[in-house]
């Protein structure tokens, strides 16, 4: 027990220091017997004598409607704040914010796909465990980079794939533009190689690997060859297991051409599809979000 004083241990009469919300009270920690009498919330210290934090919330820029010194949105009956951080946010498939879990535990975001779940969340704070259709989103950095890769593909003419890696430490690595598409045995080949890993990094350090599919429809010999972010290629499926999460950006939805009977002639057309992102992660169905939905999520504070 070398290095611990009897005062620190409250020797002979151990004191329970876990107080309000189970947080450790900093009391009598100084040699003269005095102390701050604050509660340790991890992200910051809480002074329960005046009901205030003495430093701003490190995530206050995400909750600008509230003072950066507030506790539980000034509503401790409805909300709790286990660690001084911000709550889980829920969004629908259109990117609309629908509510929170009421537990200021972390910065995760989830997309909710079930209508009943959405109704329940709109009624008030809903614990994650009570939401059957919540699908976790990738980080804000990954969402931004996904839109960036999509925009680069479109601006480049839509017939060359782009790629990027988002690392778990928040850094990103851009790939080089892929070659133009080729035909092989009636199949379009338009791959873009993922960028090389930074020195000292492994695939386990990658949050999400991103690449685009062609945003323009290729026509060859009167046949249409549309691609879709919702339909991974055989090569994509082979590569997916290397990473915890994968993202394909481009047109979302079915990429099949449609034959329309217009009386005297038939017309082969490709349905108009919106560009967006599709997130592939183990244990969940692919999550499809249009570009406009992602932009709504990114704008939410």
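The values are calculated or read from the model by the stated rules, or taken from the named source; none is laboratory data. As the structure is a prediction and not an experimental result, all values here were calculated from the model. Heads up, the Cβs are rebuilt from the backbone with ideal geometry, glycines too, and the neighbour counts pull from every protein chain shown.
If only residues of the range 161-197 that are more than 18 Å from residue 208 (Cβ to Cβ), touching a strand residue (DSSP E or B) at 6+ places or on another chain (Cβ under 7 Å) and not in a loop (DSSP other than H, G, I, E, B) are counted, the one that is modelled with the lowest pLDDT is 188. Across the range 215-247, the qualifying residues are those that are touching a helix residue (DSSP H, G or I) at 6+ places or on another chain (Cβ under 7 Å) and part of a strand (DSSP E or B), and the one among them that is nearest to residue 272 (Cα to Cα) is 247. Annotation for the range 196-214: no member residue is over 25 Å from the mean Cα position of the chain (by Cα), within 25 Å of residue 274 (Cα to Cα) and surrounded by 15 or more Cβ atoms within 10 Å (Cβ to Cβ).
Could you look through the range 105-160, keep only residues that are farther than 23 Å from residue 246 by Cβ and touching a helix residue (DSSP H, G or I) at 6+ places or on another chain (Cβ under 7 Å), and pick out the one that is modelled with the lowest pLDDT? Only one residue tops the list, namely 126. For the range 234-268: of the residues being touching a strand residue (DSSP E or B) at 6+ places or on another chain (Cβ under 7 Å) and modelled with pLDDT under 60, which is farthest from residue 137 (Cα to Cα)? Within the range 234-268, the match that is farthest from residue 137 (Cα to Cα) is 266. Condition check for residue 75 on (1) at negative phi; (2) out of contact with any helix residue (DSSP H, G or I) (no Cβ under 9 Å at 6 or more places or on another chain); (3) at pLDDT below 65: one failure, at (3).
Residues of the range 161-188 that are over 25 Å from residue 281 (Cβ atoms) and either without any contact (Cβ under 8 Å) to a residue 24 or more places away in the chain or in contact with a helix residue (DSSP H, G or I) (Cβ under 9 Å, 6 or more places away or on another chain) (or both): 176, 177, 179, 180, 182, 184, 185, 186, 187.
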